[in-house]
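Have a look at the structure below, then the notes.
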Amino acid sequence: MGSGVQDRPMIELRHVYKWFGAQAVLSDVSLAVARGGRVVVCGPSGAGKSTMIRCINRLEDHQQGEIFVDGMELTADVKQIEAIRREVGMVFQQFNLFPHLTVLENLTLAPIRVRRMSRREAEDLAMLHLERVRIPEQAGKYPAQLSGGQQQRVAIARALCMKPQVMLFDEPTSALDPEMIKEVLDVMLELAQSGMTMICVTHEMGFAREMADMLVFMDRGEVIETAPPDLFFTAPRNERTRLFLGQILRR
Amino acid sequence: MSVGLTRALRWTRANLFNTPLNGTLTVVIAFLLLRFLSPMIDWAVLRASLSARDDRACAAVGGACWAFIRDWFRFLIFGRYPYAQQWRPAIVLVIFVALLLASFSRRLPARRLAPAWLGGLGAVALLMRGGVLGMPYVETGLWNGLPLTLILAAGGLGASFPLALLLALGRRSSLPALRVICTCYIEAARGIPFIAWLFLMLVLLPLFLPPGLVIAKLWRAEIAFALFIAAYLAEVVRGGLQAIPRGQYEAADALGLGYAQKTLRVILPQALALTIPAQVNTFIGAFKDTALISIIGLFDVLQDTNTALNDPAWRMAYVEGYLFTGVIYFAFCYSMSLYSRGLERHLGQGRR
């Protein structure tokens, strides 16, 4: 298969714009992520990083430009949006686990209701992913009984249970206590090594260097610089990138 | 024994006289209890008459006239339902209490609860109505007293609940037409006194029915009641919906859940659990509002008491009569409150 499906980017944004009122939060954003690509998006707060990845599964709508996920275009068509959301897993800063369901129920809800899996099958799959994130013993507990790091790993497992093609991470460690950050990043690194297509908004630059095959620097709604990690950290081309890296790496 | 006495003294000192303020309060409250409780016991128990012939005989003894309750007991509960057939409403009461207990003890799994109540209400209607299995037919006008109150309350509250969910969701819908309709309905129903609403519905409902179809006044009142309560309950549910963080909607969306699944599995369970106290508040208020249907000539349990008090022999026994009815209302309202407390504990386990 020299061409066709394999060459098509998994995710493609073409000249995407979004405004809140008169203010542009995304301005001419273009980005292509290949199948199995691992992208880290960084930049100062208010740069539009979260907004951009939230446009990829239509938690936010874009007002101009085109977004394709696995060749399907995101439009206002609800069926199309739901079809894309099935293939795109998302992990949030605040975990957003369902507090009224146990860990196991959190993981099986969507596979049973959306993928139409049998309960048995969904539970087997859930246990598989709980082992992958190393907390199978917490299956019967409620989210509030877990630490922040454990909750975020459950959230990752919950997204993986839908067998997504792409995983989006929106600052997954920003709400965590420092001692819990590593356990979550380790899980994400393993996921990256398994060949999952990933886009991750994060300030963890050590992690970015290790995981990413492409770094994207955004500021004021624009993509300023895109580069592989070795170039990005050692020879940033843009002045704003240099300034940002200087600030964030000195910490 | 002296050990017990020492312990009692120690408990008293530790709990009732541990500070000067508490000591003073203990003395004051003890005095008030003695001052007011003792005459009450004296009236309700010591000087009460159980076998007096009429209220004047009671007055001579100076105590409560429980003889009135004994004399009129069956009427107070069942009203004018044919005397020889009153075993039927008696069974109805047993069915209601059994359903309440089954729900209360959580013997029934949640998803069996609604079918059990539906089946129970069907059996209740059949028993009251008769006309089958050799039971003589009894028209709804003779369904009186406590069974009537419970039928109105259970049917009205049960029907109002799904309606309230739809109204609450509709009011938050992204479709403007639906939102306007739901908002108008809720505001209209809440803005009209229940009694006016009741009369309005009695007149209006038949206009919406195909000609020739006549619905008994009881059922029209039941529908009016359900529609009325639904408006209040919808606002309670909406309050719960608004309390759900946006992240919950987004997480459900991101997993690919559609509107129905998201609402049923993620949002509503949380919104309903959050608003249990307010829902029970509405339910208890509504339960007592069933008494207002006496105004359109239906004989609920309170109206039975009013009727019995017309007996010249017992004119003065109204305190006893209303106390008796009050205790019945209290028993049902308090059991709803207990049930909700158990439910809150059950739903809250391991959450926070």
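Tabulated data
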{"quantity": "Once the Cα gyration tensor of chain A is diagonalised, semi-axes √(5λ) in Å", "calculated": "29, 22, 17"}
{"quantity": "Mean residue ellipticity (222 nm) of the protein assembly as shown, computed from DSSP H runs ≥ 4 via -39,500 (n - 2.57), nearest 500", "calculated": "-18500 deg cm²/dmol"}
{"quantity": "Average projection area in nm² (convex hull over Cα atoms of the stretch B:2-46, one quarter of hull surface)", "calculated": "4.2 nm²"}
{"quantity": "Shielding by partners - mean other protein chain Cβ count within 10 Å, residues of B:255-265", "calculated": "6"}
{"quantity": "Per-selection Kirkwood Rh - the stretch B:16-106 (Cα, Å, 1 d.p.)", "calculated": "17.4 Å"}
{"quantity": "Whole-Å distance, taken between Cα centres, linking the stretch B:95-120 and the stretch B:157-218", "calculated": "27 Å"}
{"quantity": "Peptide A:94-102 - average C-beta neighbours from other chains (10 Å radius)", "calculated": "6"}
{"quantity": "Backbone HN-Hα couplings from phi across the stretch B:152-163 [Karplus 6.51/-1.76/1.60, Hz, Gly and Pro as x]", "calculated": "4, 5, 5, x, x, 5, x, 6, 5, 5, x, 5"}
{"quantity": "Whole-number D in µm²/s for the stretch B:55-348 (Stokes-Einstein; Kirkwood sum over Cα pairs; 25 °C, 0.890 mPa s)", "calculated": "116 µm²/s"}
{"quantity": "Cross-link partners of A:LYS49 among lysines (Cα-Cα below 20 Å; sequence separation of 8 or more within a chain)", "calculated": "A:LYS18"}
{"quantity": "Under-5 Å amide H pairs with A:ARG35, H placed in peptide plane, nonlocal only", "calculated": "A:MET10"}
{"quantity": "Chain B - percent relative contact order, Cα under 8 Å, separation 6 or more", "calculated": "19 percent"}
{"quantity": "Cα gyration tensor of the stretch B:55-206 - equivalent ellipsoid semi-axes, whole Å, descending", "calculated": "37, 22, 18"}
{"quantity": "DSSP-defined antiparallel bridges as percent of all bridges, the protein assembly as shown, nearest 5", "calculated": "50 percent"}
{"quantity": "Average beta carbon contacts from partner chains per residue of A:74-84, 10 Å cutoff", "calculated": "1"}
{"quantity": "For the protein assembly as shown, the spread of Cα positions along each principal axis, largest first, Å", "calculated": "107, 81, 49"}
{"quantity": "Estimated Rh, the stretch B:217-352: Kirkwood, alpha-carbon pairs, angstrom", "calculated": "18.1 Å"}
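A short reminder: the numbers here are calculations on the coordinates, not readings from a lab. What you see is a predicted model, and the numbers here were worked out from it, not measured in a lab. Please note: Cβ atoms are built from the backbone with ideal geometry, for glycine as well, and neighbour counts cover all protein chains shown.
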